[in-house]
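K.L.:
Okay, handing you the structure first.
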């Protein structure tokens with residue numbers, strides 16, 4: 001007779017000698033008292049209380065009521081079930097960890113490009129910092145750079161939106177221009193801020209993406225802007241008439257009919273405007289597979305501290321990214 005057997009039953013005194021396996025023994029006890037645990041939990045006792053009672057009471061009731069010939073199969077079956085449940089819980093925990101990790105990733109990425117080959121705005125650092133802060137607050141990543149070599153297929157594929165922040169002059173070679181065209185054709189978004197319209201005059205595709213080019217501007221002064229489309233996410237927060245100070249651009253030509261004007265400027269409220277009643281300041285359209293949004297606001301560093309300007313930029317960036325408005 002095995003030493004753990006006594007009169008055809010399992011000797012309960014054998015249990016304390018299984019010191020290396022206390023957790024396994026407790027699991028076996030819990031498994032064979034599952035019905036009791038379930039009933040007690042239903043009647044108000046916590047799982048920890050029930051397990052504690054089972055552990056203190058020991059294996060004696062169970063060991064006295066089960067034949068040794070049946071025990072190995074029952075234990076194996078119960079343990080197999082426990083292993084499967086434990087494995088499922090482990091997978092669920094792992095999957096939960098993955099979901100939590102993924103949820104910490106930004107919703108999309110933005111490249112802020114500020115290379116200049118002409119006039120350089122002192123406000124560029126303020127603009128970069130403002131857009132980076134918008135990204136931190138609104139779940140998108142912002143990278144900033146001025147090297148045109150980053151305009152290649154591999155690098156641009158990392159971004160949903162490219163922002164031209166006060167770029168000026170001829171800043172790309174033909175290969176870099178072609179890479180940016182492919183980016184837009186794959187559904188990429190473009191955001192132009194202020195002097196983005198003073199950029200790449202000899203690149204016809206860019207001119208059509210942008211809508212028109214800068215012509216001239218008077219001195220910095222206050223003027224009244226009028227929201228033409230208050231339904232867009234970049235203008236719905238703005239007052240219908242918005243008085244503010246900036247450098248107000250005139251443009252070389254009127255916009256095409258497929259371009260939607262968001263904001264116009266009232267030339268009667270400042271000196272030096274020469275475009276007449278239809279003088280656009282901000283607009284958007286879809287072009288060549290992508291999205292393009294532009295604002296002439298943003299000459300001064302102070303612009304990037306104005307809450308209404310920041311909301312205006314945020315709306316343009318998220319629209320260009322094609323994400324749902326918040």
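K.L.:
Determine, for 122, 246, the number of other Cβ atoms within 10 Å of each Cβ, and report the residues in order from fewest to most.
P.N.:
So the ranking, lowest neighbour count to highest, is 122, 246.
K.L.:
Could I ask something else about it? Can you put 165, 225, 314 in order, fewest other beta carbons within 10 Å first?
P.N.:
314, 225, 165
K.L.:
Separation of region 228-252 and region 108-139 by C-alpha centroid, Å?
P.N.:
The distance from the Cα centre of region 228-252 to that of region 108-139 comes to 20 Å.
K.L.:
Now for a separate question. Rounded, prolate or oblate: which fits region 119-176 when a ≥ b ≥ c are the square roots of the eigenvalues of the alpha-carbon gyration tensor, with rounded for a/c under 1.5 and prolate only if a/b beats b/c?
P.N.:
Values: a/c = 3.13, a/b = 1.19, b/c = 2.64.
Judged from the Cα gyration tensor, region 119-176 comes out oblate (a/c at least 1.5, b/c at or above a/b).
K.L.:
Let me ask something else. With r as the distance between the Cβ atoms of residue 216 and residue 153 and R0 = 22 Å, compute the FRET efficiency 1/(1 + (r/R0)^6) and round to 0.05. Walk me through the numbers before you get to the answer.
P.N.:
Numbers: r = 37 Å, r/R0 = 1.67.
That gives a FRET efficiency of 0.05.
K.L.:
If we count other beta carbons within 10 Å of each Cβ, what is the order of 105, 306, fewest first?
P.N.:
Arranged by neighbour count, lowest to highest, 105, 306 become 105, 306.
K.L.:
When the chain is fully extended, how far beyond the present Cα-Cα distance does residue 137 get from residue 301, taking 0.36 nm per residue of separation?
P.N.:
Result: 57.0 nm gained on full extension.
K.L.:
Still on this structure, I have one more. Is the C-alpha gyration tensor of region 229-326 telling us rounded, prolate or oblate? Criteria: a/c under 1.5 is rounded; beyond that, a/b larger than b/c is prolate, otherwise oblate.
P.N.:
Oblate is the answer for region 229-326, as a/c is 1.5 or above yet b/c matches or exceeds a/b.
K.L.:
I would also like to ask the following. I need the shape label for region 205-251. Rule: rounded when a/c is under 1.5, else prolate if a/b > b/c, else oblate, with a, b, c from the alpha carbon gyration tensor.
P.N.:
Since a/c reaches 1.5 but b/c is at least a/b, the shape of region 205-251 is classed as oblate.
K.L.:
For an R0 of 35 angstrom, estimate the FRET efficiency from the Cβ-Cβ distance between residue 122 and residue 237 and round to the nearest 0.05.
P.N.:
0.80
No value in this document is a laboratory result; all are computed from the given coordinates. Just so it is clear, the structure is predicted and the values come from calculations on it, not from any experiment. Don't worry about glycine lacking a Cβ; one is built from the backbone with ideal geometry, like all the others, and counts go over all protein chains shown.
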